[in-house]
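Q: I'd like to ask some things about the structure below.
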Amino acid sequence: MICLYVHIPFCRERCPYCDFFLVTKPGFVERFFEALAVETTAKAPLFAGQVIEAIHFGGGTPSLVSPSFIGAWLSQVSGLAQISSETEITLEANPEDLSPASLDALKAVGVNRLSIGVQSFADRKLRALGRAHSAADARRVVSEALERFRSVSVDLMCGAEGETLAEWEGDLRAALDLRLQHISVYMLTLEEKTRLWRDVQKGLRRLPGEEAQAAMYRLAAELLCGAGYRHYEISNFALEGRHSRYNLASWMREPYLGFGPAAHSFIVSSGAQTRFSNASSLTKYLADAAGAVDFREALTEAQRFDEEVFLSLRIRRPLSVGFLRKGHKLGHQHLDSVLAALQEKGWIELDGGAVSLTEAGFLFADLVAAELLSE
């Protein structure tokens, strides 16, 4: 089994906090999908005949393009590999792009799961985040999507300028009222060279501090888990069995293939593990989609160990102490002292020789990983 990812790089405009690869040139959409078909043919030997577990259309803003383009690519893939009614097919969308007609069209071409970039159900906060939709748009679109798709996820973001804990609680309760199958919670982070980063550097904008954001994250875990959602990954909560198959497969280091500019892939073959990625340039991609890969590496044993630790912590998958002893760089005694310190802080739990993050430890997953990977 394998998962597929398609990076559709088009956006109307760049959000102030976004550092993803994208372009604001919708006139290139048709040429992009022509190039995508070429790349898909070129990569077919890597997935032909296999069962496709999940397909994820990300970006960018995939909901900007006509569903007919999505359908044509899915048709191409279905002629090369096995897509069934059980294959999860997710499309990322913005509320302002969706209407009953477009939702019906997406469902008709095979999309069965939507991930909607709501970010907030409060107009003040949406303005602070530079979003184009209104709170009313968000509620309407999510409700319409829930009527049509077997699974709907929304993204919520905390830490916007001027945000209070009460305002954040309002977002969480609005999402809970809709009884979504999946909710993703992200803390707003300052990415270098973004418009928001520049404004903060100049003193034009001021964001809540780390303690305030931590309190918001803890509140999200408390409310969502209390409402029956499983906190299955640092930023993701799902009702039982409604997790994102594509994302979970990626975190579990299962094979996936990426298509489109800036897309990444991970392939396992004959014991070798290889990561490769396409150039972050639409111009280069359109010129030579079949040769889009511009980075490739075979992972060393040390890299495999580091990835296993880092990604397992993100999904609270237990790591055996024996496994950690084999890869830890500073020896058994140092590892034992690290584990004792992390357990004392309440960030990890040890059970039967296995290490996993606590709910409190989720907030410090990167710090825990850094300790376990000490050079």
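The values are calculated or read from the model by the stated rules, or taken from the named source; none is laboratory data. The model shown is predicted, which means the values in this text are computed figures rather than measured ones. Note that we place each Cβ from the backbone using ideal geometry, even for glycine, and neighbour counts take in every protein chain shown. Heads up: the accessible areas ignore ligands, DNA and RNA and are worked out on the full protein's heavy atoms, side chains in. Shrake-Rupley method; radii C 1.70, N 1.55, O 1.52, S 1.80 Å.
Q: Quick test of your reading of the structure: Thr87 fulfils all but one of (1) free of Cβ contacts under 8 Å to residues at least 40 places away in the same chain; (2) under 27 Å from Tyr285 (Cα atoms); (3) buried (at least 20 other Cβ atoms within 10 Å of the Cβ). Name the failing condition by number.
A: (2)
Q: Restricting to the range 327-352, give me the number of residues that are open to solvent by less than 80 Å² (accessible area, probe 1.4 Å) and touching a helix residue (DSSP H, G or I) at 6+ places or on another chain (Cβ under 7 Å).
A: The qualifying residues number 9.
Q: Could you tell me whether the range 309-320 includes any residue that is touching an Asp or Glu at 6+ places or on another chain (Cβ under 6 Å), within 25 Å of Ser184 (Cα to Cα) and open to solvent by less than 60 Å² (accessible area, probe 1.4 Å)?
A: Yes, the range 309-320 has at least one match.
Q: Could you check the range 24-48 and list, in sequence order, the residues that are open to solvent by 20 Å² or more (accessible area, probe 1.4 Å) and not in a helix (DSSP H, G or I)?
A: Thr24, Lys25, Ala48
Q: Being of a type in the set (Ser, Thr, Tyr) and either out of contact with any Phe, Trp or Tyr (no Cβ under 9 Å at 6 or more places or on another chain) or without any contact (Cβ under 8 Å) to a residue 24 or more places away in the chain (or both) is the filter here; which residues of the range 1-54 pass it? If you could, list the steps in order and put the result at the bottom.
A: Filtering the range 1-54 for residues of a type in the set (Ser, Thr, Tyr) gives 5, 17, 24, 40-41.
Thr24, Thr41 - these are the residues of the range 1-54 that are of a type in the set (Ser, Thr, Tyr) and either out of contact with any Phe, Trp or Tyr (no Cβ under 9 Å at 6 or more places or on another chain) or without any contact (Cβ under 8 Å) to a residue 24 or more places away in the chain (or both).
Q: Let me ask something else about it. Looking only at residues that are β-branched (Val, Ile, Thr) and modelled with pLDDT of 95 or more in the range 1-23, which one is surrounded by the most Cβ atoms within 10 Å (Cβ to Cβ)?
A: Here is the first cut: in the range 1-23, the residues β-branched (Val, Ile, Thr) are 2, 6, 8, 23.
Next, from what is left, pick out any that are modelled with pLDDT of 95 or more: 2, 6, 8.
Details: Ile2: 20, Val6: 25, Ile8: 28.
Ranking the qualifying residues of the range 1-23, first place goes to Ile8.
Q: Among the numbered criteria (1) touching a Lys or Arg at 6+ places or on another chain (Cβ under 9 Å); (2) within 24 Å of Glu86 (Cα to Cα), which one does Asn247 miss?
A: (1)
Q: If I filter the range 265-308 down to residues being among the hydroxyl-bearing types (Ser, Thr, Tyr) and farther than 30 Å from Gly27 by Cα, which single residue comes out as surrounded by the most Cβ atoms within 10 Å (Cβ to Cβ)?
A: Thr274
Q: Restricting attention to the range 188-237, report how many residues are over 19 Å from the mean Cα position of the chain (by Cα) and in a loop (DSSP other than H, G, I, E, B). Let's see the steps before the verdict.
A: Initially, the range 188-237 is screened for residues over 19 Å from the mean Cα position of the chain (by Cα), giving 192-216, 218-219, 222-223, 225-228.
Now narrow it down to the ones that are in a loop (DSSP other than H, G, I, E, B): 192-194, 202-209, 227-228.
The qualifying residues number 13.
Q: Could I ask something else about it? Determine whether Ala42 is closer than 22 Å to Ala279 by Cα, of a type in the set (Gly, Ala, Ser) and modelled with pLDDT of 95 or more.
A: In short, yes.
Q: Taking the condition more than 24 Å from Ala166 (Cα to Cα) and part of a loop (DSSP other than H, G, I, E, B), does Ser84 pass?
A: Judged against the criteria, Ser84 is a match.
Q: Could you tell me whether Ser115 is closer than 18 Å to Cys15 by Cβ, part of a helix (DSSP H, G or I), touching a residue at least 24 places away in the same chain (Cβ under 8 Å) and under 19 Å from the mean Cα position of the chain (by Cα)?
A: So Ser115 does not fit the description; no.
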